[in-house]
Amino acid sequence: MNLEQMLKLADEIVFNKTGQHLSTLQDAVLRGTIQRETYKQIAKDFDCSESHVRQIGSQLWEILSEELGEKINKANVRSAIKRSQISNVVSFTQDIVVSSNFNICGEGRHPPETKNTDSSNEETSQLKQPQNLSQELSEMPELGTFYDRVSELETLTTWILQQNCRLIALTGIIGIGKTTLAVKLVQQIKYEFEYVIWCSLELLPTLTKFQAQLIQFISQSEKLDPPINNQQSLSLIKYLQEYRCLVVLDDFQNLLMSGELAGKYKPEHEDYRAFFKRIEKLSHQSCFLLIGWEQPREISQTESTTKPIRSLQITGLSMAAGQEILREYGLAEIEHWETIVNLYQGNPSWLKSVATLLQELGECVSELLTENTLFLPEDVKYSLHQQYTRLSEIEKKVLSLLAKENEPMNLARLLENSEMLSSDLLNALQSLLRRCWLEQEGNFYTLSPVLKAFSREIYI
């Protein structure tokens, strides 16, 4: 269906429901939505307020929802109208009739059981009502307790729903709460999409296998003959253009090399780079969210407010949220709780580990926690060692220098003490920043208390 055919069909649906054709503004809202424009763009083109456009859109989606028998919104109206024509869901002289062999919600193409009955009403009542969401979230962790991340949630929601970003990297040091934030985000925005998929990269699927799985899920096919790489990529893009999909890839760092500067793909997974470039460059209405300890280089190099690609590096929780974690362990009222939250940078995983330690050894131990003394529970050291082993040799050399110093170091002093080429030092600093192992204050660099204590145990 072309644009005008879709508008004509929508007009007939609205007329069948209300007895009136699409108004000029309704036509503009629907036309702009089908062409993947934001409400803000539509309002600007039509010279009215964004809130008024949203109100008109909401009323229109409600009418279409009643007539098409499924929840319609800005994200799925385009494909819903197409489905209504293909499947003859809409009848313009009688109520909605859904074919028993047609499935919208992605649960597989299995015809219902045949029942011996003379009642058409009874047969119709056995049909499943269509849904607007199909999801594969079996690999998504449970949310658990969610601590204050309001600003981060608002930022990600704006990027995905309003700015229509196609590729987003969510990064941060281990234990900081990246996955928890992503789970909360998915729970809040999943109904804006037709397909939602959460995939862990722990088992490192090849790109060919990964794409085949996505295609099979979205197309609801039981068997696919996987095309060759380039054809398969284009085939997946067609689905991402046709349907609004949210794809979350957790543990993204598993695709990247250890012992190298941040963001370099393993040779066997280098084709993911070209795939994500295609996701960024080609026009579609879907979004890929990458979660990991470091961001791929292509995102770092191309990030711009004018491009549909973003990265968000999350830091520690607020003081209030940190206190809430300590309260769960019965430690909210200890004398030095603010010092503890600061020392462990509001990292929820680190705070829970040290809270457990304080519980077992007694609250009096907290008096030993000062800016120059902190404890490194074994599970914190183990998790940091996982990331440390991924560092390149020049990054480790920079860490050894910073670990020996009590004060931040500027670039000139680092060059003098490291005896490294300036290009190597700059690359190492950039890589450590991307891996969240370095703090930058103007022209000065330093390590957080936890990372300094960890590095000193290794180097000193």
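Considering only segment 260-299, state which residues are among the hydroxyl-bearing types (Ser, Thr, Tyr) and in a loop (DSSP other than H, G, I, E, B).
Listed by number, the residues that qualify are 283, 286.
Looking at segment 449-460, I want the residues that are outside any helix (DSSP H, G or I) and have a partner that is surrounded by fewer than 21 Cβ atoms within 10 Å (Cβ to Cβ) with Cβ atoms under 7 Å, at least 6 apart or on another chain. Which pairs are those?
Between residues of segment 449-460 that are outside any helix (DSSP H, G or I) and residues that are surrounded by fewer than 21 Cβ atoms within 10 Å (Cβ to Cβ), the close pairs are 460/403; 460/404.
Please state which one of 444, 375 is farther than 14 Å from residue 261 by Cα, modelled with pLDDT under 90, more than 29 Å from the chain's Cα centre (by Cα) and open to solvent by 20 Å² or more (accessible area, probe 1.4 Å).
375
Applying the selection to segment 335-356, what residues are farther than 23 Å from residue 171 by Cβ and either surrounded by fewer than 18 Cβ atoms within 10 Å (Cβ to Cβ) or in contact with a strand residue (DSSP E or B) (Cβ under 9 Å, 6 or more places away or on another chain) (or both)?
Once the filter is applied, which keeps residues that are farther than 23 Å from residue 171 by Cβ and either surrounded by fewer than 18 Cβ atoms within 10 Å (Cβ to Cβ) or in contact with a strand residue (DSSP E or B) (Cβ under 9 Å, 6 or more places away or on another chain) (or both), segment 335-356 yields 335, 336, 338, 339, 356.
Matching residues to (1) part of a helix (DSSP H, G or I); (2) out of contact with any strand residue (DSSP E or B) (no Cβ under 9 Å at 6 or more places or on another chain):
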position: 152; (1), (2): yes, no
position: 159; (1), (2): yes, no
position: 179; (1), (2): yes, no
position: 182; (1), (2): yes, no
position: 198; (1), (2): no, no
position: 208; (1), (2): yes, yes
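Look at segment 12-58 and say how many of its residues are open to solvent by 60 Å² or more (accessible area, probe 1.4 Å), closer than 25 Å to residue 240 by Cα and either hydroxyl-bearing (Ser, Thr, Tyr) or in contact with a helix residue (DSSP H, G or I) (Cβ under 6 Å, 6 or more places away or on another chain) (or both).
Selection size over segment 12-58: 3.
Return the total of residues in segment 138-148 being under 16 Å from residue 248 (Cβ atoms) and open to solvent by less than 60 Å² (accessible area, probe 1.4 Å).
Of the residues in segment 138-148, 3 are under 16 Å from residue 248 (Cβ atoms) and open to solvent by less than 60 Å² (accessible area, probe 1.4 Å).
The values are calculated or read from the model by the stated rules, or taken from the named source; none is laboratory data. From a predicted model like this one, the values you see are computed outputs, not experimental measurements. No Cβ is skipped: glycine too gets one built from the backbone with ideal geometry, and neighbour counts run over all protein chains shown. Remember, those area values only see protein heavy atoms, side chains included, never the ligands or the DNA or RNA. Shrake-Rupley method; radii C 1.70, N 1.55, O 1.52, S 1.80 Å.
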